[in-house]
Amino acid sequence: MYEIWLAWNIVWEMALAAWPLVLAAAVAWVLLVTVAWRRPGARPGAALPTAILWAAVGAIAAFVVVPGAVGSSLTELGYWVDVANLAAIAVACGAVVGAFAWPLATLFKTRIV
């Protein structure tokens, strides 16, 4: 249980250190969603499968790339907490990719009447 608490504290401290980037990404996402959803003929429901596909691709890519990006490798995942942390990071990366892909896909799947 201590390892999970430590992981959450590390995530919180990393978010605090990168708060300007997190804030900029949140503002950019809100603007993108506003533009996409207000566009005439916007079909967010039609764009959702595309966004989910991109989120899955992003999560898989993150699972493979993140260990090397931090100077580690997949072979060093010997403890279940390491695998769980990497999976959580990959899912979070996939969620961010999906969150940005959804309004972008909505912009491209707009019905032209």
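Residues considered: Ala69, Ala25, Ala18, Ala59. Of these, the only one that is out of contact with any Gly (no Cβ under 9 Å at 6 or more places or on another chain) and surrounded by 14 or more Cβ atoms within 10 Å (Cβ to Cβ) is Ala25.
State yes or no: is Ala47 surrounded by 14 or more Cβ atoms within 10 Å (Cβ to Cβ), out of contact with any strand residue (DSSP E or B) (no Cβ under 8 Å at 6 or more places or on another chain) and in contact (Cβ under 8 Å) with a residue 40 or more places away in the chain? Yes, satisfied.
Given the options Leu107, Leu86, name the one that is under 30 Å from Tyr2 (Cα atoms) and among the hydrophobic types (A, V, I, L, M, F, W, C).
Details: Leu107 fails: under 30 Å from Tyr2 (Cα atoms).
Going through Leu107, Leu86 in turn, the sole match is Leu86.
Where a number appears in this text, it was derived from the coordinates with a stated rule and is not lab data. Everything numeric here is computed off the predicted structure, so don't read it as measured data. A quick note on method: Cβ atoms are made from the backbone with ideal geometry, for glycine too, and the neighbour counts reach across all protein chains shown.
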